[in-house]
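Have a look at the structure below, then the notes.
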Amino acid sequence: MRVIKNKIIPAKGFNAINLFGVVFTRAVKLSEQTLRHESIHTAQMRELVYIFFYVWYLAEYAIRLIRYRNGKEAYRNISFECEAYQYGKTDNYLSKRKWYSFLKYL
């Protein structure tokens, strides 16, 4: 996974953003946990052929935003984020991860 450090992406207040398997960050160095989190997102993207990941992500965010009426809570309850946050601390999660594991968080 490629990491690009810059001063523009992601928006202020965010640590990193994964766009099509490339991680953009303003940080000098990302933690191992953040790198694992973003690696999980890359696996999810591949499963959904990238573009469908973003369509699903935005649709699920919109639905959860209506439900929770809070952007941060909506974000944390997106199925992709639930999986990535839960296993971001697990060293070799991706080696044993089953395809479409994010579905159990719907």
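The residue that is nearest to the chain's Cα centre (by Cα), among those in segment 86-106 that are free of Cβ contacts under 8 Å to residues at least 40 places away in the same chain and surrounded by 12 or more Cβ atoms within 10 Å (Cβ to Cβ), is Q86. When segment 6-27 is filtered for residues that are on the phi < 0 side of the Ramachandran plot, surrounded by 14 or more Cβ atoms within 10 Å (Cβ to Cβ) and not hydrophobic (A, V, I, L, M, F, W, C), the ones remaining, listed by number, are P10, N15, N18, T25, R26.
The residue list S95, S79 contains one member that is in contact with an Asp or Glu (Cβ under 7 Å, 6 or more places away or on another chain) and either modelled with pLDDT of 95 or more or of a type in the set (D, E, K, R) (or both), which is S79.
Suppose we keep only residues that are among the basic types (K, R) and out of contact with any strand residue (DSSP E or B) (no Cβ under 8 Å at 6 or more places or on another chain) within segment 25-47. Which one would you say is modelled with the lowest pLDDT? Here the residue is K29.
Residues that are more than 17 Å from N15 (Cα to Cα), of a type in the set (S, T, N, Q) and exposed (fewer than 14 other Cβ atoms within 10 Å of the Cβ) are absent from segment 74-85.
Being touching a residue at least 12 places away in the same chain (Cβ under 8 Å), of a type outside the set (D, E, K, R) and farther than 16 Å from C82 by Cβ is the filter here; which residues of segment 46-61 pass it? Answer for segment 46-61, where residues must be touching a residue at least 12 places away in the same chain (Cβ under 8 Å), of a type outside the set (D, E, K, R) and farther than 16 Å from C82 by Cβ: just Y50. Do the conditions hold for K7, that is, is it of a type outside the set (A, V, I, L, M), more than 12 Å from the chain's Cα centre (by Cα) and modelled with pLDDT under 95? Answer is yes for this residue.
The values are calculated or read from the model by the stated rules, or taken from the named source; none is laboratory data. These numbers were taken from a predicted model, which means no experiment stands behind them. A quick note on method: Cβ atoms are made from the backbone with ideal geometry, for glycine too, and the neighbour counts reach across all protein chains shown.
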